[in-house]
Structure formats: structure tokens, C-alpha cells
Amino acid sequence: MSKSLIIAIDGPGGSGKSTVARSVARRLGFTYIDSGAMYRAVALWALRLGMDLDDLHRLEQLAKEARIELPGDRVLLNGEDVTTDIRDPKVSDAASRVAAQPGVRRAMREEQRRIGSTGPSVMEGRDIGTVVFPEARVKIFLDAQPEARAQRRASELGAPLEEVARELDARDQRDRSRAEAPLTQAPDAEYLDTTHLTPIQVEEAVLKLVRERTSNGKGHK
Ligand code: DC
């Protein structure tokens, strides 16, 4: 169990997790950890190796061997900068598939707990408040209407809205329905619908919650 102060931000794709997690981490001087980037890195490696994404044993092995580092906003896989490559839609789909494998999740979870125990962190993902850090002091479940989420993702990627909406929906359904650590709101998480909020309003709402759930949101181990 981590003794560090953890702010867990979970929610579906396009709900605004990365934007708010990054800005809140910056405001508080905490480490920002994008757990989805870790699943994406494993997926990228598996795709490059032409691996069968249903081969749970080989995937688990790969996840254990992958050297994933998250310096600042960059993502390194075995020393190579893959920050851009992991955002490819093919990798998004593969990430959601490999993330359904219990062995892959086990390897990622251990690594996420290790990183989170090194100091105060804002970690975003799907199962941070439910499984990775169920004892996290601050838990937020971010959400937005599906149209708004698809719109945000489409402008980020510069891709056609309909195509993005279809892919996002397929991925969300898989992430919500898998047996192991599905995307779901922790009972003690604060639900925040960002559909009609600006990034600054979301940041303010999260910081307010951090202040309420901690003495001052700073100065913790
Ligand atoms: O947050 P993201 O879209 O970059 O995540 C990519 C995929 O990784 C997502 O479809 C589900 C999976 N994921 C997960 O299962 N658990 C997490 N904590 C984070 C991401």
C-alpha cells in the first residue's frame, strides 16, 4: 500500500482526464502518471512484433519485459521515444485489447504502484481508484456525453468525427465489460460531468476536491 498522496482520476476516453491530470499535477507539484500510456506502449510493442493479441502468455511476458518510462510528458519504451507512435488509432484499439488480459494488468499494476509510491502523484486511467490505489485520498470519476467525448478526440487527432465516435464507443464498451478491473466508478469517487465545462473549470473543481479531502493538498509525503 502506498503512503504517498495519490489523486486518482478515472473515466472513459475523451472525458478530459489527461488535460486535467496534467494541469492539476503541475499546479500541486505532483508527478503526473498516464497509466493508459503504459498499456499503449505494450500494445505498440506487440503490434510491431506481429503478435497475436489473444496470446495471453506471450503478452504477459512482453508486459513484464517492457521497460516503460514516463519522463515529463514523454513515453519511452525500451529506451525509445514512442510518445507520438502510441497515439495511432491502431494502437488505441490494441491497447484496449491487451488491457483485458489479466497477466498484462498484473504487470502494469505492479509498476504503477511502484511509481506511485515514490511520491505524491496524479494518476489517470480506468482502474486507479478501484484497483491500483483503492486507498487513494482523492478519487475522481470524469465523464462527458459520448458526442462531446468523440468531438474532443476527433479534434485532437484531426480525424473524421464518425470514425472516431465508432472507435471510441467500441473501446469504451470493451473497457467497461472486461472481467478484470473494468472501467467503473469507485463508491468513494466524486463524479464530475465535464460536457459543459472548460478545462479551467474542471481543474478548479478537482483542486477544490483535493483541498476538501486533504489538509491543503500539498506538503504530503
Ligand atoms: O487512457 P487511454 O485512452 O490512453 O488508455 C488506452 C487503453 O488502455 C484504454 O482503452 C484502456 C486501457 N487502460 C486500462 O485498461 N486501464 C488503465 N488504468 C488505463 C488504460
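Every number in this text was worked out from the coordinates using simple rules, so none of it is lab data. Everything numeric here is computed off the predicted structure, so don't read it as measured data. Positions of Cβ are generated from backbone atoms using ideal geometry, with glycine treated the same way; all protein chains shown enter the neighbour counts.
A compact table of results
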| item | result |
| --- | --- |
| Elements of type helices (runs of 4 or more DSSP H) contained in the stretch 2-107, each with 3 or more residues being within 11 Å of the ligand (Cβ to nearest atom) | 17-28, 35-48, 89-98 |
| Unmet criterion (only one of (1) within 12 Å of the ligand (Cβ to nearest atom); (2) among the aliphatic types (A, V, I, L, M); (3) within 23 Å of residue 27 (Cα to Cα)) for residue 115 | (1) |
| Near pairs, Cβ below 8 angstrom, 6+ apart or cross-chain, from the stretch 12-32 (free of Cβ contacts under 8 Å to residues at least 40 places away in the same chain) to any residue that is within 13 Å of the ligand (Cβ to nearest atom) and polar (S, T, N, Q) | none |
| Cβ-Cβ under 7 Å pairs, at least 6 apart or on other chains, the stretch 181-193 side touching a residue at least 12 places away in the same chain (Cβ under 8 Å), far side away from the ligand (no atom under 14 Å from the Cβ) and of a type in the set (Phe, Trp, Tyr) | 185/191 |
| Members of the stretch 102-120 that are over 13 Å from the mean Cα position of the chain (by Cα) and buried (at least 23 other Cβ atoms within 10 Å of the Cβ) | 104, 116 |
| Scope the stretch 121-141; condition surrounded by fewer than 24 Cβ atoms within 10 Å (Cβ to Cβ) and among the polar types (S, T, N, Q); matching residues | 130 |
